[in-house]
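One structure is given here, and the rest of the page talks about it.
The values are calculated or read from the model by the stated rules, or taken from the named source; none is laboratory data. As the structure is a prediction and not an experimental result, all values here were calculated from the model. Note that we place each Cβ from the backbone using ideal geometry, even for glycine, and neighbour counts take in every protein chain shown. Remember, those area values only see protein heavy atoms, side chains included, never the ligands or the DNA or RNA. Shrake-Rupley method; radii C 1.70, N 1.55, O 1.52, S 1.80 Å.
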Amino acid sequence: MKILALGAHPDDIEIFMFGTLAAYAAQGAELTFAIATDGAKGGKGDPKTLARLRREEAAKAAGLLGVEPRFLNFPDGALIADAALISVLKALIGEVKPDLAITHAPYDYHGDHRALSDGVRIAASFAVPVLHADTLGGTGFSPTHYVETSHHWEIKAKAIRAHHSQGPEHYVHRARLQNEFRAGQCNGAAGALAEGFRFEPTFPFADIRALLPPAPPIRPVTANPGPADRAG
């Protein structure tokens with residue numbers, strides 16, 4: 001299995017899909033990370049210095065899974081799904097030849113996320129199915145697939161925390177809440193975690209279940225007894 005993960009900014013892969021990528025790594029999949037922008041607007045101070053720092057942080061985070069990330073170096077905050085981006089993405093897909101590409105949802109909160117999503121969809125064409133990661137806070141997102149990530153939370157949190165320049169504890173907290181909620185949608189046990197994804201079937205890719213790590217286990221639903229039942 002070859003998995004191509006694409007994030008708009010240096011910490012996006014970690015926040016939105018790192019648990020699933022850790023699950024893939026545990027299965028022996030070959031992972032490629034691509035980061036579209038330089039992240040130079042993700043903080044205060046000299047943009048060149050920040051871009052260099054964020055590159056180092058992304059490399060440290062990806063290294064937790066033995067991955068050396070690729071940097072496409074488009075300007076932060078100005079990503080457009082134009083010919084330049086699509087050409088780079090097509091070349092990357094042609095080189096990596098992934099079985100599955102994972103990127104942002106087309107209606108996520110940040111314009112760079114939306115632009116990358118559109119660019120990947122166009123570049124993928126007939127070459128590879130595209131899976132969309134959850135949106136920030138799950139806003140407007142209805143998952144079609146879930147991946148069990150309970151056993152991979154610690155490495156995901158560590159990867160997010162590698163991005164010191166971004167005040168990572170805020171994102172660790174938000175990611176945990178969101179992953180707990182997604183597991184709850186699957187009737188997960190207390191403490192269970194899951195990442196949600198959405199797949200829109202596009203010819204010739206109609207069903208990608210065989211390409212995904214395991215979903216949360218199905219648990220029976222039992223009704224809590226009412227007061228009268230308990231009294232009897």
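Assorted remarks:
- Scalar couplings 3J(HN,Hα) for segment 180-187, obtained by applying the Karplus form with A = 6.51, B = -1.76, C = 1.60 to θ = phi - 60°, are 5, 5, 5, 5, x, 5, 9, 6 Hz; x denotes Gly and Pro.
- Most mobile of E95, E30, E57 in a GNM of the chain (Cα contacts under 10 Å): E95
- Placing R0 at 30 angstrom, the Cβ-Cβ distance between H151 and K48 gives a FRET efficiency of 0.15 after rounding to 0.05.
- Per-residue Karplus couplings for segment 18-32, computed as 6.51 cos²θ - 1.76 cosθ + 1.60 with θ equal to phi - 60°, are listed in order as 5, x, 5, 5, 5, 5, 4, 4, 5, 7, x, 6, 8, 9, 10 Hz, Gly and Pro entered as x.
- Phi to ³J(HN,Hα) by Karplus 6.51 cos²θ - 1.76 cosθ + 1.60 over segment 72-86, Hz, x for Gly, Pro: 7, 6, 6, x, 5, x, 10, 5, 9, 7, 9, 4, 5, 5, 4
- Using just its DSSP H runs of length 4 or more, each adding -39500 (n - 2.57), the chain gives a mean residue ellipticity at 222 nm of -12500 deg cm²/dmol after division by all residues.
- With each label modelled as a point 7 angstrom along the Cα→C-beta vector, the T202-E56 pair spans 3.8 nm.
- Along each principal axis, taking the top coordinate minus the bottom one, the Cα set of segment 161-216 gives 42, 30, 15 Å in descending order.
- In summary, the convex hull built on the alpha carbon positions of segment 9-156 has an orientation-averaged projected area of 8.8 nm².
- Net length available on complete extension from H164 to R176 is 2.5 nm, with 0.36 nm assigned per residue and the Cα-Cα distance removed.
- Loop-resident sites, segment 103-201, for chymotrypsin sites (Phe, Trp or Tyr not before Pro), counting at most 12 other Cβ within 10 Å (DSSP): F126
- Percent accessible area from carbon and sulfur atoms, the chain, protein chains only, probe 1.4 Å: 56 percent
- Volume in Å³ per residue [convex hull over Cα atoms, computed for segment 106-171]: 134 Å³
- Value of D in µm² per second that Stokes-Einstein yields for segment 59-108, Kirkwood Rh from Cα pairs, at 37 °C (0.692 mPa s): 253 µm²/s
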